[in-house]
Amino acid sequence: QPKYASDYFDTLYAWAEQLIEAGKAYVDDLNADEIRQYRGTLTEPGKDSPHRSRSVAENLDLFRRMKAGEFPDGARVLRAKIDMASGNINMRDPVIYRIVHKPHPRTGDAWCIYPTYDFAHGQSDAIEGITHSLCTLEFEDHRPLYEWLIANLPTPSRPRQYEFARLNMTYTVLSKRRLTQLVKEGHVNGWSDPRMPTLSGLRRLGIPAIAIRDFVSRLGVTKSDSTVDPALLDHCVREYLNKQAERRMAVLRPLKVVIENYPEGQSEKLDAVNNPEAESAGRRQITFSREIYIEQEDFMEDAPKKFFRLAPGREVRLRWAYFITC
């Protein structure tokens, strides 16, 4: 069964109260712009919020009133009390709870305050017994906060976060935000549209699951950002289909050929080996007789010297069959 952060809202809320009781979290009245100004820059330290020194009792009271829905959106936030002079901006008293008066897809109207991603991430991992939490490189600066929260909360386990480069492909949009926009604005027919670079889209396009797994395994795991050419995925698909897919030969623009010295009314079965790699699916029998059909482009009446197909006075070999002379 899939897991959701909303499955742990009660536990996360209880842990937030424990941070307040330990003096490691406080309710702040600054709005988003003011919090950004107080946070400082990459070269300048931040400064303490005027509400950072609130008492534990006042913080608990305000936080419980936030949960009860007494305040409008954005009026107050709960922030972890860490270090406003930290070189890592993510450690400068990050917001861990916000007021949002909006129904949740899974919990409905039960909550009007919601944990931020940074607060829910590590704690959800710990509840689920995750040992290695794999993230993309943009979360590397968030790892100290991940570890601080795990260290300061009574989590049942101690997961570690590891960051790796995400999969980038040339000429391919892989951003969930941009793909969501394509779906919402009706540019594609949903997430399974065969033009979408999603698993359901690739499967609907006919790409085998085994080929997708092979493609990902060939890329390996790296810490450096890189871009992969889609030709590698095509190669993985082709390599798999070479061993699995049955072949059929067809003449699209037929030209009738009569083999005059082959007996009329006679025919024979010839082995056609379409795919030597696939013993079971790569062989079949085709019928050979006096009258056969070739592609029109394989014959030329006034052929140049380097035309190696059928022409007057030229001998060619039919695939899986005999030599014939025009």
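The values are calculated or read from the model by the stated rules, or taken from the named source; none is laboratory data. Every value quoted in this text rests on a predicted model; they were computed, and no experiment measured them. Neighbour counts run over all protein chains shown; Cβ positions are idealised from the backbone, glycine included. For the accessible areas, the whole protein counts, side chains as well, though only heavy atoms, and no ligand, DNA or RNA atoms are used. Shrake-Rupley method; radii C 1.70, N 1.55, O 1.52, S 1.80 Å.
I need the helices (runs of 4 or more DSSP H) fully contained in the range 148-257, keeping only those with at least 1 residues that are closer than 29 Å to Gly122 by Cα and out of contact with any helix residue (DSSP H, G or I) (no Cβ under 6 Å at 6 or more places or on another chain). Reasoning before the result, please.
On the way: elements: 176-184, 199-205, 209-219, 231-244.
So the answer is 176-184, 199-205, 209-219.
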TODO: Pairs only if they're at least six apart or on different chains, beta carbon under 7 angstrom, first in the range 46-71 and without any contact (Cβ under 8 Å) to a residue 40 or more places away in the chain and on the phi < 0 side of the Ramachandran plot, second acidic (Asp, Glu) and open to solvent by less than 60 Å² (accessible area, probe 1.4 Å); list them, first residue then second.
DONE: His51/Asp28; His51/Asp29
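Could you list, in sequence order, the residues of the range 102-126 that are aliphatic (A, V, I, L, M) and either farther than 16 Å from Leu19 by Cβ or touching a Cys at 6+ places or on another chain (Cβ under 8 Å) (or both)? Don't jump to the end; show me each part of the working.
Taking the range 102-126 as the starting set, the residues that turn out to be aliphatic (A, V, I, L, M) are 110, 113, 120, 126.
Of everything in the range 102-126, just one residue is aliphatic (A, V, I, L, M) and either farther than 16 Å from Leu19 by Cβ or touching a Cys at 6+ places or on another chain (Cβ under 8 Å) (or both), namely Ala110.
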Open item on the list: Condition (residue is in contact with a strand residue (DSSP E or B) (Cβ under 9 Å, 6 or more places away or on another chain), more than 17 Å from Lys3 (Cα to Cα), in contact (Cβ under 8 Å) with a residue 60 or more places away in the chain and surrounded by 12 or more Cβ atoms within 10 Å (Cβ to Cβ)) applied to the range 125-141: is it met by at least one residue?
Closed with: yes
- [ ] Would you check which residues across the range 123-147 are under 15 Å from Leu12 (Cα atoms) and of a type in the set (Phe, Trp, Tyr) and list them?
- [x] Tyr146
Task: Residue list for the range 200-228, filter: at pLDDT 95 or above, open to solvent by 60 Å² or more (accessible area, probe 1.4 Å) and under 19 Å from Leu167 (Cα atoms) - done: Arg203, Ile210, Arg213
- [ ] Answer yes if at least one residue in the range 1-18 is hydroxyl-bearing (Ser, Thr, Tyr), open to solvent by 80 Å² or more (accessible area, probe 1.4 Å), in a loop (DSSP other than H, G, I, E, B) and touching a residue at least 60 places away in the same chain (Cβ under 8 Å), and no otherwise.
- [x] yes
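Here is a yes/no grid of residues against (1) more than 21 Å from Thr116 (Cβ to Cβ); (2) of a type in the set (D, E, K, R):
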residue: Cys135; (1), (2): no, no
residue: Phe139; (1), (2): no, no
residue: Tyr146; (1), (2): no, no
residue: Pro154; (1), (2): no, no
residue: Tyr171; (1), (2): yes, no
residue: Leu174; (1), (2): yes, no
residue: Arg177; (1), (2): no, yes
